[in-house]
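Only one structure is covered here, and it is reproduced in the block below.
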Amino acid sequence: MPPPATGLFVDLEFPACVSSLLGRGNTPLTPLCDRITWLRPQEICPSPHLFPENRKDAIGKQGILGDCWFICACSALQKSPSLLHQVFPADQCTWEDQGYTGCFVCRFWRFGRWVEVTIDDRLPCLGHKLCFSHCQDQGAFWLPLLEKAYAKLHGCYEALWAGQVVDALVDLTGGLVERWSLEFAEESFREEMLSRMLDLKDRCAMSCSVLHSKEGSRDLGQFHAFTITDIQHGFTKDGQPLLLFRIHNPWGRSCWEGSWGKSGNKWALMDQTESSRFLSQIQDGEFWVDKEEFFREFNEVAVAFPVIKTDHVQSIWTGSVLSHTQQIYGSWIKGQNAGGSRNNSSFSNNPKYWLRVRKQSEVYLILMQISPRGEIGTSNNMSSRKLQREGSYSMVPIAVGLHLWKVEKRRFNLQKTILTTPVAGTSSHSYDRQLHLRCKLSPGYHLLIPSTFLRDTEGDFLLRVLSIGPITLREITSNPPLEWASNDMMPGTWETQELKGQWKKSNSAGGSRNFPSYHLNPAIPFCVPTNSQLVKFTLRQHNLENSCHAIGFHVYLVPTDGSLSPFSQVPCASCIPHSHSLEVSQICDLAPGQYIVVPSTYLPDQECTFSIFISTLTERKPIQSEETLGQILKEVSVISLMK
């Protein structure tokens with residue numbers, strides 16, 4: 001084998017050492033680490049290449065890492081060349097190119113955005129052979145490189161030891177995935193499911209899993225995922241129809257000795273030509289099962305929605321393109337808006353959103369919980385600190401739910417509305433990282449409330465809406481009473497200050513309260529006079545609408561004796577969750593005193609200038625001008641800070 005070239009890229013953020021293999025060290029990978037070496041592809045085989053000439057040879061094998069769930073999800077990339085190039089960008093220099101550097105870039109969809117992960121091509125090996133994933137064609141390296149990038153995203157290889165196929169499919173497609181339970185499924189549902197699978201088998205990634213072994217079928221293992229590579233109709237000698245599923249085991253070897261195994265007894269039901277046709281199609285690790293065996297042996301199916309060339313998701317139920325997308329980040333914070341499920345009287349305190357549907361549409365409402373210590377990927381390169389914080393070891397899922405009500409008009413009674421039956425809602429709160437509701441919604445306004453099952457459970461989330469028709473999604477930023485709809489409804493005079501500031505990286509862009517750098521944010525003082533009733537805050541970022549940061553603010557009371565920092569207190573008012581909007585506002589009922597307002601972006605180090613308007617409603621009668629202006633004059637003072 002030729003020696004590796006010198007001067008190749010070395011990834012210092014994900015080094016070729018034990019720290020990139022192990023996290024907690026509580027898996028069977030631990031005792032093997034001392035024997036693992038890191039080699040570049042040209043040290044492993046004489047002529048490495050990214051992709052095999054024969055598409056079937058790209059199918060993945062698992063190796064000694066327990067990441068069958070990820071290997072199965074990678075079948076989505078084999079179904080769609082455009083999606084493959086989205087995740088594994090084309091035109092990267094390889095070992096056959098003169099400009100080869102040993103550096104590769106992969107992309108993953110993380111919490112609402114595509115993020116890039118850069119790696120070198122040193123891969124874990126045992127005895128000069130890849131010890132983790134590899135392709136049927138062992139000279140093709142796209143899969144082990146993608147697996148390494150995914151391991152870096154999670155902090156280490158061991159973090160991939162167990163997971164959900166649906167989560168990996170979302171990370172690889174940025175779309176929707178449905179999970180269908182096969183246990184106790186009614187016959188009508190099974191038939192509808194089979195119809196969908198037959199229609200989608202050439203366009204969608206489909207996986208089936210065994211969650212617990214059944215008596216007499218231990219061949220398939222437990223907590224193991226498989227790829228459905230094909231579904232075909234067949235016929236017996238006497239013309240009886242058959243439906244056979246071709247299943248691939250990521251172990252790369254057959255594990256099934258059932259009736260349709262290679263030496264199974266049911267092949268005799270077919271004539272030789274028909275049976276030879278089926279048997280000639282299977283590769284290493286593949287086997288056939290019929291419909292009855294499929295429903296008996298497997299516990300659930302995962303189906304990824306097709307992603308078409310325009311990067312839009314296509315409905316698996318109607319074939320319609322979900323061409324309209326909106327998303328908002330949010331948080332449940334203890335003592336503020338973590339109201340719990342509908343079992344709690346505090347349910348109405350949860351984050352609330354207006355969803356306006358412009359025309360009758362098929363709509364998908366998606367709630368994705370984000371790791372409590374995770375990062376929302378916004379930059380092209382992710383530091384090792386961020387990668388570690390985003391790791392699956394820090395992900396402690398919480399039970400979440402989502403409910404939707406149709407309202408006839410914007411001004412409504414919140415408490416009465418949430419006591420009625422929702423138009424759509426989760427039947428139970430789920431620990432899934434992502435859940436969704438499929439709805440057919442009529443034009444008008446809808447109230448959308450995501451919640452945790454237990455009150456005061458904290459967490460971050462991403463709320464997405466995909467629709468075939470135009471929609472508008474925005475958060476309800478005003479606290480009850482919701483009847484505070486406009487300034488004109490409140491008698492008195494509004495006195496407004498405009499204050500300008502800037503979030504500057506490593507200086508005044510501290511991010512949200514989730515980050516230790518929060519105290520770096522601008523702290524803007526203001527006073528609530530004794531004759532004041534209400535204070536309205538409006539935060540406006542000076543940014544383009546399509547590149548908005550998620551913004552929000554907190555208001556703190558300044559202690560009269562100066563003994564405590566305002567940051568050490570619980571905010572007395574907040575405009576959260578942070579919203580990707582040009583402007584957010586909140587009306588607060590504050591007692592007279594000295595305060596500071598702290599505007600922030602959700603993530604640290606996001607730079608932008610901003611203006612914040614502080615309007616105080618006083619009980620003074622409005623000043624009437626003798627001139628024929630026809631409107632109330634408002635006193636406005638402009639103050640410029642922190643230029």
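Each reported figure results from applying straightforward, stated rules to the coordinates on display, with no laboratory input. All figures in this text were calculated on a predicted structure; none of them were measured in a lab. Here the Cβ positions follow ideal geometry from the backbone for every residue, glycine too, while neighbour counts run over all protein chains shown.
Computing FRET efficiency as 1/(1 + (r/R0)^6) for Thr496 and Leu419, where r is the C-beta to C-beta distance and R0 is 56 Å, gives about 0.90. Distant-in-sequence amide contacts of Leu123, defined by a placed amide H-H separation under 5 Å and a gap of 5 or more residues or a different chain, comprise Leu39, Arg40. By the count of other C-beta atoms within 10 Å, a proxy for reagent exposure, Arg122, Arg513 are ordered fewest to most as Arg513, Arg122. Amide H contacts for Thr229 (H built 1.01 Å from N in the peptide plane; partners 5 or more residues away or on another chain; cut-off under 5 Å): Arg246, Ile247, His248.
In the range 180-200, whose amide N lies under 13 Å from the spot 7 Å out along Cα-to-Cβ of His233? List them in ranges. So the set is 195, 198-199.
Multiplying the residue separation of Ser276 and His128 by 0.36 nm and subtracting their alpha-carbon distance yields 49.5 nm.
With Cα atoms as the point set, the range 217-347 shows a radius of gyration and Dmax of 22.3, 71 Å. Translational diffusion coefficient of the range 113-168 (Stokes-Einstein, Kirkwood radius from Cα pairs, 4 °C, 1.567 mPa s): 105 µm²/s. A cut-off of 5 Å between modelled amide H atoms, ignoring neighbours fewer than 5 places along the same chain, links Ile36 with no other residue. Listed values for the range 316-333 are Karplus-derived 3J(HN,Hα) couplings in whole Hz (6.51 cos²θ - 1.76 cosθ + 1.60, θ = phi - 60°), namely 7, 9, 10, x, 6, 8, 8, 7, 10, 10, 9, 8, 9, 8, x, 8, 9, 10, and x replaces Gly and Pro.
The protection proxy used here, the mean number of other Cβ atoms lying within 10 Å of each residue, ranks peptides 519-525, 354-360, 464-470, 153-159 as follows, highest first: 153-159, 464-470, 519-525, 354-360. The order of the peptides 243-251, 569-577 by mean Cβ neighbours within 10 Å, most packed first, is 243-251, 569-577.
Rg to Rh ratio, the range 18-160, alpha-carbon atoms and Kirkwood radius?
0.94
From the cross-link list Lys61/Lys237; Lys61/Lys262; Lys334/Lys504, which pairs have alpha carbons spaced over 26 Å apart? From the list (Lys61/Lys237; Lys61/Lys262; Lys334/Lys504), the Cα-Cα distance tops 26 Å for Lys61/Lys237; Lys334/Lys504.
Here the label points at Trp38 and Arg55, each 7 Å from Cα along the C-beta direction, are separated by 3.6 nm in the simple model.
A protection proxy built from the mean count of other Cβ atoms within 10 Å ranks the segments 92-104, 284-296, most packed first, as 284-296, 92-104.
Compute the label zone of Asn546 within the range 102-124: residues whose backbone N is under 17 Å from the point 7 Å along Cα-to-Cβ. Once the point is set 7 Å along Cα→Cβ of Asn546, 113-114 turn out to lie under 17 Å by backbone N, inside the range 102-124. Between the C-alpha center of the range 426-478 and that of the range 263-334 there is a gap of 27 Å.
Along the range 77-93 the Karplus relation, 6.51 cos²θ - 1.76 cosθ + 1.60 evaluated at θ = phi - 60°, assigns HN-Hα couplings of 6, 6, 7, 9, x, 5, 5, 4, 6, 5, 7, 10, x, 6, 6, 7, 5 Hz to successive residues, with x for each Gly and Pro.
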